[in-house]
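A.B. asks: My structure is below; once you've seen it, I'll send some questions.
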Amino acid sequence: MPETLIFYALSGLAIGASAMVIGQRNPMYSVMMLIASFGALAGLYVQLDAPFVAVAQIIIYAGAIMVLFLFVVMLLNAPKEDGSEWDRSHPLRQPVVVRFGGLLGSLLVVQLGWALLSTRGLGGGVAAIGDAETVSSVRVLGRVLFSEYVFAFEATSILILVAMVGAVVLARREGEGS
Amino acid sequence: MDLMLIAQLGVIGLTFFMLINASAILVLAERKIMGFMQQRYGPYLVGPHGILQPLADILKLLMKEELRPKGADKWLFTLAPMLSITAAFAAFAAVPWGAETRLFGLLDEPVKLGAADVNVGILVVFAITSMGVYGIVLAGWASNSKYSLLGGLRASAQMISYELSYATSLAAVILLAGSLSIREVVDGQSGVWLGFIPSWYIFLQPVGFIIYMIAGIAETNRAPFDFPEAEQELVAGYNTEYSSVRFALFPQAEYINMTTMAAVAADLYLGGWHGPFLPPEYGWIWFLLKVGAILFTYIWLRWTVPRYRYDQLMRFGWKWLFPASVVNLVVTAALILYFNA
């Protein structure tokens, strides 16, 4: 019973914080809410008996990527958004962006509903691979990552490297050093 | 069963209590050692030989007025010190500090000394320590002052840069021990080699230990890497606008982070609670001695090595320390493969 309560508390926190990310006018607060959402997700992973995934989530997303987000927001000194430019006279009279967002949102809801209805029990996916103990073991995870999925893994690494080199090339000013 | 639960809660409470005391002891130790190194007595008036000085410091800070600059962000300004101190305390939760004990036969089953026994303990400590940077960055931004902002920016750049070397040096130890659990890593270091050398990982990983110590100093923002609060350049850095309790939380978080760094170093490189002469139940005495020795080295370094320049710090971190840690990791992996095959 307490596990169910913790599950609902964490999911509520994750969903609430995610909603606050787009609801906030101040970009700094959005970043903080995103971190809270990642933290709640990590808690959910712990509940799924996957402590390694939970810790990886914290180290990579909350610890590294979000620090860079914060860095960029601070350096650009992004101002608070101004909400007065939208026409609020009629719900259908919205800019294209909002309509497109609404379309995507309803698509997401439909897909989620379809996925939940077509899955028989949530443990099915785990049982197909093996018991939870084996799946969450770092040793097994590493072996699978470097044997079965080695191409995808290396391709992703190269993709990230290319993005990094591209950023360096773009950031370097003309005629500067060799 | 209930007795076990009480004992476990007692161990957690004791860990928390010792950690609070560690910051007070470190404040006094730092001032006493600084005084000793500068040929003076250090604090001497409060209590015998000045040992109650931390109490006086804390009371003074509690009595002060809490100020908040007019342009500061109300929420984040308050949140930042809380984040700092929470991350500092939480990181120690996964650090074990002693073998199992039955409390002189009082308990039927042995209780493990350490707040929580996590099977990915090393990563948990690393993850939570890396969250500590938010406190400093947010303090710098929320204060709405250019010195604070510069301090916060420097802190985030420095911590991201040195986290890499820090994690890579830990990875070499993980390879040696074949486990992510700190308790298992410590138990892999029991016994001796050739009859007299304790089988600690520092002898297998001398380069890794040095890299860990340097990166640890940079992670905790201590001199000679204390750029976030370099007083000659930035007044006081990220905590310039803070006063009273909110201010006190930042140095306290720093001291607790130092303790965590030293405790992890003692566990991973210096054999934790394993040592000669003492029975295993009293291994925590060895652990305390080792942590104390490392913390003394930290303070020693602070008062003998001058501060670097900021570009030197970045160059050193990326061009020397990180490549060295990667080479260390690759060589360790190759040697393990060679000797195991």
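The values are calculated or read from the model by the stated rules, or taken from the named source; none is laboratory data. Here the structure is a predicted model, which means the values were calculated and not measured. Ideal geometry is used to build each Cβ from the backbone, glycine not excepted, and the neighbour counts take in all protein chains shown.
A.B. asks: What are the residue pairs meeting all of these: first residue in the range B:308-323, first residue buried (at least 17 other Cβ atoms within 10 Å of the Cβ), second residue hydroxyl-bearing (Ser, Thr, Tyr) and assigned to a helix (DSSP H, G or I), Cβ atoms under 6 Å, and 6 or more apart or on different chains?
C.D. replies: B:317/B:161; B:317/B:162; B:321/B:165; B:322/B:165
A.B. asks: Identify all residues within the range B:66-93 that are within 14 Å of another protein chain (Cβ to nearest Cβ), in contact with a helix residue (DSSP H, G or I) (Cβ under 8 Å, 6 or more places away or on another chain) and part of a loop (DSSP other than H, G, I, E, B); write none if there are none.
C.D. replies: Of everything in the range B:66-93, those that are within 14 Å of another protein chain (Cβ to nearest Cβ), in contact with a helix residue (DSSP H, G or I) (Cβ under 8 Å, 6 or more places away or on another chain) and part of a loop (DSSP other than H, G, I, E, B) turn out to be B:72, B:73.
A.B. asks: A further question on this structure: Can you tell me how many residues within the range B:117-139 are under 28 Å from residue B:208 (Cα atoms), facing chain A (nearest Cβ under 8 Å) and part of a helix (DSSP H, G or I)?
C.D. replies: 9
A.B. asks: For the range B:168-180, name all the residues that are surrounded by 18 or more Cβ atoms within 10 Å (Cβ to Cβ) and in a loop (DSSP other than H, G, I, E, B).
C.D. replies: Selection gives B:179, B:180.
A.B. asks: Let me ask you something else. Any chance the range A:82-103 includes a residue that's modelled with pLDDT under 85, exposed (fewer than 10 other Cβ atoms within 10 Å of the Cβ) and within 14 Å of chain B (Cβ to nearest Cβ)?
C.D. replies: No, the range A:82-103 contains no residue that is modelled with pLDDT under 85, exposed (fewer than 10 other Cβ atoms within 10 Å of the Cβ) and within 14 Å of chain B (Cβ to nearest Cβ).
A.B. asks: Return the residues of the range A:40-72 that are within 11 Å of chain B (Cβ to nearest Cβ), in contact (Cβ under 8 Å) with a residue 24 or more places away in the chain and under 11 Å from the mean Cα position of the chain (by Cα); say none if nothing qualifies.
C.D. replies: Within the range A:40-72, A:62, A:66 qualify.
A.B. asks: Condition first: over 17 Å from residue B:211 (Cα atoms) and free of Cβ contacts under 8 Å to residues at least 60 places away in the same chain. Now tell me which residues in the range B:255-283 satisfy that.
C.D. replies: Applying the first criterion (over 17 Å from residue B:211 (Cα atoms)) to the range B:255-283 yields B:255-257, B:259, B:271-283.
Selection gives B:277, B:278, B:279, B:282.
A.B. asks: Can you find, within the range B:293-307, the residue that is surrounded by the most Cβ atoms within 10 Å (Cβ to Cβ) among those that are aliphatic (A, V, I, L, M) and within 18 Å of the chain's Cα centre (by Cα)?
C.D. replies: Here is the first cut: in the range B:293-307, the ones aliphatic (A, V, I, L, M) are B:293-295, B:299, B:301, B:305.
The next check asks that each one be within 18 Å of the chain's Cα centre (by Cα); those that pass are B:293-295, B:299, B:301.
On the way: B:293: 14, B:294: 21, B:295: 24, B:299: 20, B:301: 16.
Restricting to residues being aliphatic (A, V, I, L, M) and within 18 Å of the chain's Cα centre (by Cα), the top hit is B:295.
A.B. asks: Filter the range B:215-230 down to residues that are crowded, with 23+ Cβ neighbours inside 10 Å and modelled with pLDDT of 80 or more, then give me how many there are.
C.D. replies: 5
A.B. asks: Can you tell me which residue among B:275, B:271 is buried (at least 22 other Cβ atoms within 10 Å of the Cβ) and not in a helix (DSSP H, G or I)?
C.D. replies: That would be B:271, the only listed residue that is buried (at least 22 other Cβ atoms within 10 Å of the Cβ) and not in a helix (DSSP H, G or I).
A.B. asks: Please tell me if residue B:157 is within 14 Å of chain A (Cβ to nearest Cβ) and among the small types (Gly, Ala, Ser).
C.D. replies: Taking the combined requirement at face value, the residue satisfies it.
A.B. asks: Out of B:270, B:329, I need the residue that is touching a Pro at 6+ places or on another chain (Cβ under 9 Å) and not acidic (Asp, Glu). Which one?
C.D. replies: When all the criteria are applied, what remains is B:270.
A.B. asks: Report, by residue number, each residue of the range A:1-39 that is of a type in the set (Gly, Ala, Ser), over 13 Å from the mean Cα position of the chain (by Cα) and either within 12 Å of another protein chain (Cβ to nearest Cβ) or crowded, with 18+ Cβ neighbours inside 10 Å (or both).
C.D. replies: Residue satisfying the conditions is A:30 alone.
A.B. asks: From B:266, B:262, B:293, B:223, grab the single residue that is small (Gly, Ala, Ser) and outside any helix (DSSP H, G or I). Explain how you work it out, then say what you get.
C.D. replies: Working: B:266 fails: outside any helix (DSSP H, G or I); B:262 fails: outside any helix (DSSP H, G or I); B:293 fails: outside any helix (DSSP H, G or I).
After ruling out the rest, the residue left standing is B:223.
A.B. asks: Now for a separate question. How many residues, within the range A:157-171, are among the hydroxyl-bearing types (Ser, Thr, Tyr) and modelled with pLDDT under 90?
C.D. replies: 0
A.B. asks: Then there is this: Of B:114, B:151, B:178, which residue is within 20 Å of the chain's Cα centre (by Cα) and of a type outside the set (S, T, N, Q)?
C.D. replies: B:114
A.B. asks: If I filter the range B:331-341 down to residues being exposed (fewer than 12 other Cβ atoms within 10 Å of the Cβ) and not aromatic (Phe, Trp, Tyr), which single residue comes out as farthest from residue B:32 (Cα to Cα)?
C.D. replies: Here is the first cut: in the range B:331-341, the residues exposed (fewer than 12 other Cβ atoms within 10 Å of the Cβ) are B:334, B:337-341.
Still in the list and also not aromatic (Phe, Trp, Tyr): B:334, B:337, B:340-341.
On the way: B:334: 45, B:337: 48, B:340: 49, B:341: 52 Å.
That would be B:341.
A.B. asks: Just the residues that are buried (at least 23 other Cβ atoms within 10 Å of the Cβ), touching a Ser or Thr at 6+ places or on another chain (Cβ under 7 Å) and assigned to a helix (DSSP H, G or I), please, taken from the range B:140-167.
C.D. replies: Answer for the range B:140-167, where residues must be buried (at least 23 other Cβ atoms within 10 Å of the Cβ), touching a Ser or Thr at 6+ places or on another chain (Cβ under 7 Å) and assigned to a helix (DSSP H, G or I): B:140, B:148, B:165.
A.B. asks: Taking the conditions exactly as written (closer than 30 Å to residue B:284 by Cβ and at pLDDT 85 or above), does residue B:259 satisfy them or not?
C.D. replies: Criteria met by residue B:259.
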